[in-house]
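Asks: I'd like to ask some things about the structure below.
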Amino acid sequence: MTTELSLYERLGGALAIRAVTESFYRRVLSDDLLAPYFDDVDMDRQIAKQAAFLTMALGGPHEYTGRDIRAAHARLGPLGDEHFDAVIAHLAAALREFGAGEAEIAEAGAIAGSLRDDVLNR
Amino acid sequence: MRVTFEGREYELRPGESVLDGMARHGVRLPSACRSGTCQACLLRAVSGDPGPAARRGLKPAWAASGYFLACLARPPADLVIAPPGGTARIPATVERVRRLAADVLSVRLRPGRPLRFEPGQHLTVTREGGVTRTYSIASLPTATGDIELHVRLYPGGAMSGWLAGARRGAAVTVGSPAGECFYVPGSPRAPLLLAGTGTGIAPLLAVARQALASGHQGPVAVLHGSATRPGLYLGTRCPAPLAAAARGRTVTWRTCVLEAGEDIVSAAVAELGVLAAGPASARAFLCGGPGVVRRLRRQLFLAGMPLAAIAADQFAAAAP
Ligand SMILES: Cc1cc2nc3c(=O)[nH]c(=O)nc-3n(C[C@H](O)[C@H](O)[C@H](O)COP(=O)(O)OP(=O)(O)OC[C@H]3O[C@@H](n4cnc5c(N)ncnc54)[C@H](O)[C@@H]3O)c2cc1C
Ligand code: HEM
Ligand code: FES
């Protein structure tokens, strides 16, 4: 595995991140377990935030200045591991669609996975 | 490299982005991701070229209107920039008001000086007393410079009611045309899907005609939705100006009446399936009531269209 390049660079930078994010979000909105949480959320704002967040998480050139992850999810009511796992699975599927290798998918999954307690407000 | 902003000049260092350079001079422009994904730092180039990298990921309509991202812009030459919203106002007169239906007016305005616009964009109209409303341009550029609007007549409407009784020559002012609902050449084979409700069909008809006039080759489908059957004020058959512009290209006109159980959202998704082998190749234009435009956008996105390929204008009511 190449180590000089961040996962972000290997995935092709901002343009691919945007496409991955759209694919990811499309999957989330098509998932009956998750979709209700996004009914009142503005798609553009959310996609832009997720793209910014993913870029940072994948080691891209980033300063994520949104609300912190814990605060953003705390007001959604009780979220469980099933929600979190579903989100991680959609992220993996979206990365796979854009040609990421399994090692890279695992790397991204680990970065996102490290936020489990924050997202689930534990 | 010099950047002119609100009348003052700022020097950029070699390789410095517009966003960073302006910040160094103490001008804090809106920004968030600083890497071209959030589009919070959107600006407009009034003159000069911000460079191709600065337009990465922008909707084609925006790029064509001079919009660019300050965080990515390393301009190859001097640049004059402005905040994304335009402010100049132009005097205009009411030329003609005609009823297209009991509650829809065709309003023709003559701007006092030539107005640069793309068919389908919208502009603000201000009448005596300062009442201001936004309307979409339903016409293509004409020799007289006149523009046509389709205005839904609301009971007690501060603007629509006034327009219904306006005399020829009545004075108004109009703002700079804005908005993303217009045809951008460059993908002549892309299937075009245009869906609008109520007077939202007016700008879409203009976009479709402009596309065909610009030599668009791909299939064009136009859907007009209305709550009631009489609301289909352009009729159930393809309007003559659109049919005449087809000239061998495939142009489809469909109507959906909500009270008859015909939902424009599912009709649009079905039409996308017919039009496009892969939804990623299509372009969509949506105009009309905010609720239905949001639903259309979401469902077309879920059907596989990239958001950047969907241009939408919500005809929101003015804040009371
Ligand atoms: C980007 C954009 C483009 C637009 N383009 C067009 C266009 O091409 N043609 C067009 O007819 N309109 C268009 N509109 C809507 C238009 O700007 C006005 O909101 C509308 O004409 C009503 O103004 P008014 O002064 O006649 O009525 P107002 O005095 O503002 O309102 C009178 C009454 O009608 C109700 N009402 C007003 N607007 C709506 C609405 N949209 N839906 C439901 N109830 C409403 C009000 O609540 C009020 O009770 C557009 C709006 C936007 C934001
Ligand atoms: C690794 C997992 C996750 C990450 C990295 C993540 C990241 C984010 C980020 C960055 C935001 C924007 C915050 C802001 O600045 O406003 C956000 C918002 C949101 N997230 Fe998550 N999220 C994750 C899991 C989940 C899960 C499991 C759900 C369950 C439904 C969820 C639902 C939402 C909703 C509904 C919002 C919008 C909140 C609002 O705008 O009010 N997220 N998420
Ligand atoms: S700051 Fe996010 S796109 Fe420029």
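The values are calculated or read from the model by the stated rules, or taken from the named source; none is laboratory data. This one's a predicted model, so the numbers in the text were calculated from it and none came from an experiment. In this analysis, Cβ positions are derived from the backbone assuming ideal geometry, glycine residues included, and neighbour counts consider all displayed protein chains.
Each row is one residue, and each column tells you yes or no for (1) at pLDDT below 95; (2) under 25 Å from residue B:93 (Cα atoms); (3) more than 16 Å from ligand 3 (Cβ to nearest atom).
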site: B:141; (1), (2), (3): yes, yes, yes
site: B:145; (1), (2), (3): yes, yes, yes
site: B:152; (1), (2), (3): no, yes, yes
site: B:175; (1), (2), (3): yes, yes, yes
site: B:180; (1), (2), (3): yes, no, yes
site: B:186; (1), (2), (3): yes, no, yes
site: B:206; (1), (2), (3): no, yes, yes
site: B:222; (1), (2), (3): no, no, yes
site: B:248; (1), (2), (3): yes, no, yes
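Asks: Quick check on region A:43-73: of everything there that is surrounded by 15 or more Cβ atoms within 10 Å (Cβ to Cβ) and among the small types (Gly, Ala, Ser), which residue is modelled with the highest pLDDT?
Replies: Filtering first and then ranking leaves A:51.
Asks: What tally of residues in region B:14-36 results from selecting those that are of a type in the set (A, V, I, L, M) and either within 16 Å of ligand 1 (Cβ to nearest atom) or touching a residue at least 24 places away in the same chain (Cβ under 8 Å) (or both)?
Replies: 4
Asks: A further question follows. Being in contact (Cβ under 8 Å) with a residue 40 or more places away in the chain and at positive phi narrows it down to one of B:261, B:288, B:304, so name that one.
Replies: Answer to the check: B:288.
Asks: Return yes when residue B:55 is among the basic types (Lys, Arg), within 14 Å of chain A (Cβ to nearest Cβ) and buried (at least 19 other Cβ atoms within 10 Å of the Cβ) and no when it is not.
Replies: Criteria met by residue B:55.
Asks: Oh, and also: Report whether or not residue B:69 is within 14 Å of chain A (Cβ to nearest Cβ), within 16 Å of ligand 3 (Cβ to nearest atom) and out of contact with any Lys or Arg (no Cβ under 9 Å at 6 or more places or on another chain).
Replies: Spelling it out, it is not the case that residue B:69 is within 14 Å of chain A (Cβ to nearest Cβ), within 16 Å of ligand 3 (Cβ to nearest atom) and out of contact with any Lys or Arg (no Cβ under 9 Å at 6 or more places or on another chain).
Asks: Every residue in region A:23-52 that is over 13 Å from residue B:301 (Cβ atoms), more than 8 Å from chain B (Cβ to nearest Cβ) and of a type outside the set (A, V, I, L, M, F, W, C), please.
Replies: A:31, A:32, A:36, A:37, A:39, A:40, A:45, A:50
Asks: Then there's this: If the requirement is being surrounded by fewer than 21 Cβ atoms within 10 Å (Cβ to Cβ), touching a strand residue (DSSP E or B) at 6+ places or on another chain (Cβ under 8 Å) and in contact (Cβ under 8 Å) with a residue 12 or more places away in the chain, which of these qualifies: B:221, B:227?
Replies: Selected residue: B:227, the only one of B:221, B:227 that is surrounded by fewer than 21 Cβ atoms within 10 Å (Cβ to Cβ), touching a strand residue (DSSP E or B) at 6+ places or on another chain (Cβ under 8 Å) and in contact (Cβ under 8 Å) with a residue 12 or more places away in the chain.
Asks: Here is a further query. So which residues in region A:26-36 are surrounded by fewer than 16 Cβ atoms within 10 Å (Cβ to Cβ), part of a helix (DSSP H, G or I) and not hydrophobic (A, V, I, L, M, F, W, C)?
Replies: A:36
Yes or no, residue by residue, for (1) closer than 25 Å to residue B:133 by Cα; (2) within 14 Å of chain A (Cβ to nearest Cβ); (3) surrounded by 17 or more Cβ atoms within 10 Å (Cβ to Cβ):
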residue: B:282; (1), (2), (3): no, no, yes
residue: B:294; (1), (2), (3): yes, yes, no
residue: B:303; (1), (2), (3): no, yes, yes
residue: B:314; (1), (2), (3): yes, yes, no
residue: B:318; (1), (2), (3): yes, no, no
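Asks: Please work out which residue is modelled with the lowest pLDDT, limiting yourself to region B:79-93 and to residues that are within 22 Å of the chain's Cα centre (by Cα), β-branched (Val, Ile, Thr) and in a strand (DSSP E or B).
Replies: B:90
Asks: Within the bounds of region B:306-315, is there any residue that is among the aromatic types (Phe, Trp, Tyr) and in a loop (DSSP other than H, G, I, E, B)?
Replies: Yes, that holds for at least one residue.
Asks: With respect to residue B:284, determine if the residue is out of contact with any Phe, Trp or Tyr (no Cβ under 9 Å at 6 or more places or on another chain) and outside any helix (DSSP H, G or I).
Replies: Considered against the rule, which asks whether it is out of contact with any Phe, Trp or Tyr (no Cβ under 9 Å at 6 or more places or on another chain) and outside any helix (DSSP H, G or I), residue B:284 comes out as yes.
Asks: Go through region B:41-64 residue by residue and tally those that are touching a strand residue (DSSP E or B) at 6+ places or on another chain (Cβ under 7 Å) and within 18 Å of residue B:176 (Cα to Cα).
Replies: The number of residues fulfilling the criteria is 7.
Asks: Is one or more of the residues making up region B:123-133 of a type outside the set (Val, Ile, Thr), under 23 Å from residue B:102 (Cα atoms) and away from ligand 2 (no atom under 16 Å from the Cβ)?
Replies: Yes, because at least one residue in region B:123-133 is of a type outside the set (Val, Ile, Thr), under 23 Å from residue B:102 (Cα atoms) and away from ligand 2 (no atom under 16 Å from the Cβ).
Asks: Inspect region B:11-23 for any residue being in a strand (DSSP E or B), modelled with pLDDT of 90 or more and more than 25 Å from residue B:308 (Cα to Cα) and give the result as yes or no.
Replies: yes
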